[in-house]
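Below is one structure, written out as structure tokens, with a few remarks after it.
The values are calculated or read from the model by the stated rules, or taken from the named source; none is laboratory data. If you're wondering where the values come from, they're calculated on a predicted model, not measured in any experiment. Ideal geometry is used to build each Cβ from the backbone, glycine not excepted, and the neighbour counts take in all protein chains shown.
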């Protein structure tokens, strides 16, 4: 919003904006403060997570990074999320491309099925998956956790790629490529890929966030060496309330901020292109 | 690679032979369409939306499959070829340029698909861009160009691989009138320079008239008439063709036989008039319902001392000043007739003025009124 726009705004509009801000501010505070309060809590001198903290020390960060269990969990979480996003990006993207511009009986059913992991309560999913995977000896496998997370990632990628296709791809574009000699693979590479790229990236970023802090499925599937970071935090809250929880939570916040920055820069790049 | 000739060819003969298309059983959107696109020819499929013209084009391009009939290129049936194996350059409405590629890469794309090496294809694309006078803009992205420039890129891209024919699907449909006229002459100029045959699909009769060697007028999935612009305008075969190409008065009546090489028509108001025997449509016989098609610029308001081959009494309903000419609406009892005349302020006729209308037999076209479609 350029400043000249603001000065040109008539008084009633300005009043409206003021009221909007007054209405939104408490919601904003409610959303942001609980996330940010965790950072000072990580800076406590004490050995328990508490608010207000006992100022000021960084020993919780040192403890966190020095504890092999916590470091392993962190690395595991990255590994699980990376695989989940890779699988989910592929399935969600492929599904969106396959369904683009095609009308067939049961289309809504298929698309509902793809979106269902968002709707179905995770605890139900987790219980079902547990009962299914336990006899197969797959509990405790990080690949199994990633595969289940991929199921959660798929709908996010599916939706955002679908949006990209609706915006950036027309039948004429595909037909024109075909008429110029492009086979189906070439159409995929030269027409679909550039069109879906922004949606795929956005969906993958969102999917990564979903997978990285997913706790219910990971809790059910955990094994002795496959405790993801959220599960370890959850357990720690139950047992010892160590400030390492706050330290690792700060990591989550840093990741989220980074994600927002990347997305913002991406959007700006697209706007300029 | 050997099939990509460096010099432009004149295109091949495209034969559309008895083609039908149904999307649902028994509901045909294209019915028994046949025509030949000759090498170097500019042929237009002209018709309102829903007339089956775009479907016909898409069947030639390979994006739709005919339910019946054959499409041949130089005698070879191309039914089994997918679109990328057919050799047609297509320009779509909106041009469908690849947004993420430079102008040069867009034009080089067909060569890339044919496996031409990077350097060779860039050189040839640059040459092609010179031909359409866009050499300076090779590194731009499509969205940085005006729509006129985009059209030239689309044409260059469609022509660079020496296609059998150029297929244009309402390329100017979304543009305003002035730009459209300018781009029409550009397409025509490029076509003459390259010598390629063109099949244009449009609903714009001015576009069809100004660009085509021949026009095929389509309605309800059928070709009603195919011929030179002068033929279809001056000698329409059906009432629809007469009404679709330019404005016309279609006066219903009954055929009272043929006299001195002209059809005698008895109009609803009881008056008799004469009109040409159709050159292309069915010849009416005595007793047949017919329509006399008389263009507003051929219908005349007679002075008291003037005579004409056929006359009709009427009364002025309204008069509108249109700059170069005046447009009168005249109530001739049972018929409403539109007349355009040169504008003169002193001779302007007020509403209610009784007038006598007249026309020359040569300026009226009798048409068999087969199903009342007018």
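Per-structure values
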read-out	value
Residues that are assigned to a strand (DSSP E or B) and out of contact with any strand residue (DSSP E or B) (no Cβ under 9 Å at 6 or more places or on another chain), drawn from the stretch B:185-238	B:219
Residue within the stretch B:106-115 that is outside any strand (DSSP E or B) and either under 14 Å from residue B:145 (Cβ atoms) or touching a strand residue (DSSP E or B) at 6+ places or on another chain (Cβ under 6 Å) (or both) present	yes
Residue count for the stretch A:112-171, restricted to those that are within 17 Å of residue A:87 (Cβ to Cβ) and in a loop (DSSP other than H, G, I, E, B)	2
Some residue of the stretch B:2-20 being surrounded by 14 or more Cβ atoms within 10 Å (Cβ to Cβ), within 14 Å of another protein chain (Cβ to nearest Cβ), at pLDDT below 90 and in contact with a helix residue (DSSP H, G or I) (Cβ under 8 Å, 6 or more places away or on another chain)	yes
Residue that is nearest to the other protein chains (Cβ to nearest Cβ), among those in the stretch A:153-175 that are surrounded by fewer than 20 Cβ atoms within 10 Å (Cβ to Cβ) and over 19 Å from residue A:207 (Cα atoms)	A:172
The stretch B:104-114, subset touching a helix residue (DSSP H, G or I) at 6+ places or on another chain (Cβ under 7 Å) and either at the interface with another protein chain (Cβ under 7 Å from one of its Cβ atoms) or within 15 Å of residue B:155 (Cα to Cα) (or both), residue surrounded by the fewest Cβ atoms within 10 Å (Cβ to Cβ)	B:113
Unmet requirement for residue B:101, which otherwise passes all of (1) within 10 Å of chain A (Cβ to nearest Cβ); (2) within 24 Å of residue B:184 (Cβ to Cβ); (3) assigned to a loop (DSSP other than H, G, I, E, B)	(2)
Unique residue being outside any helix (DSSP H, G or I), within 13 Å of chain B (Cβ to nearest Cβ) and over 21 Å from residue A:128 (Cβ atoms) when the list is A:186, A:182	A:182
Among (1) surrounded by fewer than 20 Cβ atoms within 10 Å (Cβ to Cβ); (2) assigned to a helix (DSSP H, G or I); (3) away from chain B (no Cβ under 14 Å), the one test that residue A:93 misses	(1)
Residues being part of a loop (DSSP other than H, G, I, E, B), surrounded by fewer than 20 Cβ atoms within 10 Å (Cβ to Cβ) and modelled with pLDDT of 85 or more - total across the stretch B:150-184	1
Test: residue in the stretch A:119-140 that is in contact with a strand residue (DSSP E or B) (Cβ under 9 Å, 6 or more places away or on another chain) and either surrounded by fewer than 20 Cβ atoms within 10 Å (Cβ to Cβ) or modelled with pLDDT of 90 or more (or both)	yes
Boolean, residue B:213 is surrounded by fewer than 17 Cβ atoms within 10 Å (Cβ to Cβ) and on the phi > 0 side of the Ramachandran plot	no
Residues satisfying the stated conditions in the stretch B:60-70, i.e. more than 12 Å from chain A (Cβ to nearest Cβ) and assigned to a loop (DSSP other than H, G, I, E, B)	B:65, B:66, B:67
Answer from B:43, B:57 - the residue that is away from every other protein chain (no Cβ under 14 Å) and out of contact with any helix residue (DSSP H, G or I) (no Cβ under 6 Å at 6 or more places or on another chain)	B:43
Considering residues of the stretch B:115-149 that are within 14 Å of chain A (Cβ to nearest Cβ) and under 31 Å from the mean Cα position of the chain (by Cα) only, the residue surrounded by the most Cβ atoms within 10 Å (Cβ to Cβ)	B:128
Where a residue in the stretch A:4-23 is surrounded by fewer than 10 Cβ atoms within 10 Å (Cβ to Cβ) and its partner, wherever it lies, is at pLDDT below 70 and in a helix (DSSP H, G or I), with Cβ under 6 Å and at least six apart	none
Test for residue A:147: is it away from chain B (no Cβ under 14 Å), farther than 21 Å from residue B:99 by Cβ and free of Cβ contacts under 8 Å to residues at least 60 places away in the same chain	no
Filter result (part of a loop (DSSP other than H, G, I, E, B) and more than 8 Å from chain A (Cβ to nearest Cβ)) within the stretch B:71-94	B:74, B:75, B:78, B:79, B:80, B:81, B:87
Boolean, residue A:81 is surrounded by 17 or more Cβ atoms within 10 Å (Cβ to Cβ) and touching a residue at least 24 places away in the same chain (Cβ under 8 Å)	yes
